[in-house]
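Q: Before anything else, here's the structure in question.
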Amino acid sequence: MAWLDSMQIQYQSGFGNEFATEAIPGALPAGQNSPQKAPYGLYTEQFSGSSFTSPRATNRRTWTYRIRPSVTHKPFRQIPNGREGLLRSSPFDEAPVTPNQLRWDPQPLPSAGAAPTDFIDGLITMAGCGDLASQTGAGIHIYACNASMRGRFFYNADGETLVAPERGRLMISTELGVFEVAPGEICVLPRGLKFLVELPDGEARGYVCENYGAQFRLPELGLIGANGLANARDFLTPVAAYEDREGDFRIVAKFQGNLWEAEIDHSPLDVVAWHGNYAPYKYDLTRFNTIGTVSFDHPDPSIFTVLTSPSDTQGSANVDFVIFPPRWMVSEHTFRPPYFHRNVMSEFMGLIFGQYDAKEEGFTPGGASLHNCMSAHGPDADAFEKARDADLKPQRYENTLAFMFESRYVIRPTKFALETEALQKDYFDCWQGLKKNFDSHELESFLQPQLK
């Protein structure tokens, strides 16, 4: 965008901070939120992410000082839900949910010569859970795009949006500032925040978790102590940046599962100053301070939780964002990859780069897998044999970054996800080579002397 040519992207650090930032000195009122006349003839507007009476610890709101108030747009009209109508929302009941383990190849990027596909049109819903109307659960999407958003802006009224790029950088311009997100980083865009996405590398692909429930927060550390996992200081929020631009623009809103569009004669990214704690943020996943065992046994994957959206049941998340980053493995007398497992929680996994240690073949960057409530899963036959016979010297897992969206709710794949050619019909085969190792004759010879 032309308005960015002369500026350098800058950030403020901290998670959930009370930030204060102004693009023009003196644009932020001193000592009060809503003066009779705001500086420079700006309009005062509060942007609330929680009810007014939410407890102080979870109350989220930001005061903005903008060139025009947000209400100055034409009426919304419903439009198709993304590319070929593949953007879906709860109740995710297009097809019967299956207990089978599912895995997908990466979704293809728009082909050369194809019609330009921006971030909105490139969203494809793979699965979801809960109910957006009652603010529970999440939607899980993949985006594949080859064009920057031009002349239109987007906001999501259904939930906050976690974006995890897998291929190509995203330049995201928002009402509250501008930031760049690259593969290996994530960003979270608050519910209701207007933004547009540009593609510095010409194309992009990645994953989106649309969180309908409680806002993401840092998990409690408990017995870990005061430090570790994702540190608050490493989360970055953009400083104020604005554009004063008139023209023929459109605002696209995701509201109750559908896309709506309204005309507007100016850019809505016109916030000159703001203060508050309801704002977008990004996080570099290489900053995650991984915790692990230095003795024996494989810890539960909950120690890799970056962000959590809690539910009304303590310890059972509405949705967790969990990563499996580069790390040392030093456990003794231990099968080091993830153990075979059946879980009341449901797990949707993606891969940003490298190999996942429990699935060295078939699970590729940009791909995904789904292991639902009580569906058995674990390392494939090759990974099991390799790990069982491995020399248990200290080992460094390099060049790998996988993640998981985990939820207390059953994650229901969409009709598209169950019918796409990217669905691996033979995924179950990866476990069929797990052979019987138990030898009853060897057991009898062991027990015979004891019986005498």
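The values are calculated or read from the model by the stated rules, or taken from the named source; none is laboratory data. In this text, all values refer to a predicted model and were calculated from it rather than measured experimentally. Reconstructed Cβ throughout: ideal geometry from the backbone, glycine too, with neighbour counts over all protein chains shown. For accessibility, only protein heavy atoms count, side chains too; no ligands or nucleic acids. Shrake-Rupley method; radii C 1.70, N 1.55, O 1.52, S 1.80 Å.
Q: Of everything in the stretch 253-305, what is assigned to a loop (DSSP other than H, G, I, E, B), among the small types (Gly, Ala, Ser) and at positive phi? Give them in sequence order.
A: Scanning the stretch 253-305 gives a single hit, 257.
Q: Oh, and also: Do any residues in the stretch 400-427 that are without any contact (Cβ under 8 Å) to a residue 60 or more places away in the chain have Cβ atoms under 9 Å from those of residues that are among the small types (Gly, Ala, Ser), where the two are at least six apart or on different chains, and which pairs are they?
A: Matching pairs, first to second residue: 419/95; 426/362.
Q: Residues of the stretch 46-78 being outside any loop (DSSP other than H, G, I, E, B) and among the polar types (S, T, N, Q), which ones?
A: 46, 48, 62, 64, 78
Q: Considering every residue within the stretch 39-46, establish whether at least one is under 20 Å from residue 281 (Cβ atoms), surrounded by 13 or more Cβ atoms within 10 Å (Cβ to Cβ) and modelled with pLDDT of 95 or more. Give the steps one after another, and end with the answer.
A: To start, the set of residues in the stretch 39-46 that are under 20 Å from residue 281 (Cβ atoms) comprises 46.
Then drop every residue that is not surrounded by 13 or more Cβ atoms within 10 Å (Cβ to Cβ), which leaves 46.
Subsequent filtering for residues that are modelled with pLDDT of 95 or more retains 46.
Yes, the stretch 39-46 has at least one match.
Q: From the set of residues in the stretch 18-30 that are open to solvent by 90 Å² or more (accessible area, probe 1.4 Å) and more than 32 Å from the chain's Cα centre (by Cα), which is modelled with the highest pLDDT?
A: Filtering the stretch 18-30 for residues that are open to solvent by 90 Å² or more (accessible area, probe 1.4 Å) and more than 32 Å from the chain's Cα centre (by Cα), the one modelled with the highest pLDDT comes out as 25.
Q: Quick one: residue 83 ticks every box in (1) surrounded by 13 or more Cβ atoms within 10 Å (Cβ to Cβ); (2) at pLDDT 95 or above bar one, so which box is it?
A: Answer for residue 83: the failing condition is (2).
Q: I'd like the full set of residues that are farther than 30 Å from residue 139 by Cα and either assigned to a helix (DSSP H, G or I) or open to solvent by less than 80 Å² (accessible area, probe 1.4 Å) (or both), limited to the stretch 310-330. Step through it out loud before you land on a result.
A: Filtering the stretch 310-330 for residues farther than 30 Å from residue 139 by Cα gives 328-330.
Answer for the stretch 310-330, where residues must be farther than 30 Å from residue 139 by Cα and either assigned to a helix (DSSP H, G or I) or open to solvent by less than 80 Å² (accessible area, probe 1.4 Å) (or both): 329, 330.
Q: Report, by residue number, each residue of the stretch 96-105 that is in contact with a strand residue (DSSP E or B) (Cβ under 7 Å, 6 or more places away or on another chain) and either assigned to a loop (DSSP other than H, G, I, E, B) or at pLDDT below 90 (or both).
A: 97, 101
Q: Considering each of 35, 69 in turn, give the residue that is within 20 Å of residue 279 (Cα to Cα) and open to solvent by less than 50 Å² (accessible area, probe 1.4 Å).
A: 69
Here's the yes/no breakdown for (1) open to solvent by 10 Å² or more (accessible area, probe 1.4 Å); (2) modelled with pLDDT under 95:
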| site | (1), (2) |
| --- | --- |
| 253 | no, no |
| 259 | no, no |
| 266 | no, no |
| 282 | yes, no |
| 286 | yes, no |
| 293 | yes, yes |
| 300 | yes, yes |
| 308 | yes, no |
| 332 | yes, yes |
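Q: Follow-up. Scan the stretch 347-360 for residues that are open to solvent by less than 30 Å² (accessible area, probe 1.4 Å) and either over 22 Å from residue 374 (Cα atoms) or assigned to a strand (DSSP E or B) (or both) and jot them down.
A: Selection gives 347, 348, 349, 350, 351, 352, 354, 356, 359.
Q: So which pairs qualify, if the first residue must be in the stretch 349-360 and touching a residue at least 12 places away in the same chain (Cβ under 8 Å), the second must be polar (S, T, N, Q), the Cβ gap must be under 6 Å, and the two must be at least 6 apart or on different chains?
A: As it stands, the answer is 349/369; 354/399; 354/400; 355/400, since those pairs meet every condition given.
Q: Could you list all residues from the stretch 9-27 that are under 20 Å from residue 67 (Cβ atoms) and β-branched (Val, Ile, Thr)?
A: 21, 24
Q: How many residues are outside any loop (DSSP other than H, G, I, E, B) and either open to solvent by less than 10 Å² (accessible area, probe 1.4 Å) or touching a residue at least 60 places away in the same chain (Cβ under 8 Å) (or both) when one looks only at the stretch 334-346? Break it down into steps so the answer makes sense when it comes.
A: Here is the first cut: in the stretch 334-346, the ones outside any loop (DSSP other than H, G, I, E, B) are 341, 346.
Right, trim to either open to solvent by less than 10 Å² (accessible area, probe 1.4 Å) or touching a residue at least 60 places away in the same chain (Cβ under 8 Å) (or both) and you get 346.
Result for the stretch 334-346: 1.
Q: Sticking with this one: Within the group 131, 158, which residue is farther than 27 Å from residue 400 by Cβ, open to solvent by less than 10 Å² (accessible area, probe 1.4 Å) and touching a residue at least 60 places away in the same chain (Cβ under 8 Å)?
A: Unique residue meeting the criteria: 158.
Q: Name, by its number, the condition in (1) farther than 30 Å from residue 292 by Cβ; (2) surrounded by 11 or more Cβ atoms within 10 Å (Cβ to Cβ) that does not hold for residue 421.
A: Looking at each condition in turn, residue 421 falls short on (2).
Q: Would you pick out the residues in the stretch 166-187 that are closer than 18 Å to residue 322 by Cβ and either free of Cβ contacts under 8 Å to residues at least 60 places away in the same chain or touching a helix residue (DSSP H, G or I) at 6+ places or on another chain (Cβ under 9 Å) (or both)?
A: 184, 185, 186
Q: Please give the number of the condition residue 376 fails out of (1) crowded, with 16+ Cβ neighbours inside 10 Å; (2) under 15 Å from residue 349 (Cα atoms).
A: Here residue 376 meets the rest and fails (1).
Q: Could you check the stretch 361-452 for strands (runs of 3 or more DSSP E) lying wholly inside it with 2 or more residues that are touching a strand residue (DSSP E or B) at 6+ places or on another chain (Cβ under 9 Å), modelled with pLDDT of 95 or more and of a type in the set (Phe, Trp, Tyr)?
A: 400-407
Q: A further question follows. May I ask you to verify whether residue 53 is of a type in the set (Val, Ile, Thr), open to solvent by 40 Å² or more (accessible area, probe 1.4 Å) and either farther than 24 Å from residue 309 by Cα or within 29 Å of the chain's Cα centre (by Cα) (or both)?
A: Working: of a type in the set (Val, Ile, Thr): yes; open to solvent by 40 Å² or more (accessible area, probe 1.4 Å): yes; either farther than 24 Å from residue 309 by Cα or within 29 Å of the chain's Cα centre (by Cα) (or both): yes.
Yes: the conditions hold for residue 53.
Q: Let me ask something else about it. So for the stretch 145-160 (the condition being of a type in the set (A, V, I, L, M), assigned to a strand (DSSP E or B) and at pLDDT 95 or above), does at least one residue qualify?
A: Scanning the stretch 145-160, I find no residue that is of a type in the set (A, V, I, L, M), assigned to a strand (DSSP E or B) and at pLDDT 95 or above, so the answer is no.
Q: So residue 222 passes all but one of these: (1) within 28 Å of residue 65 (Cα to Cα); (2) at pLDDT below 95; (3) not hydrophobic (A, V, I, L, M, F, W, C). Which condition number does it fail?
A: Evaluating residue 222 over (1) within 28 Å of residue 65 (Cα to Cα); (2) at pLDDT below 95; (3) not hydrophobic (A, V, I, L, M, F, W, C) leaves (1) as the failure.
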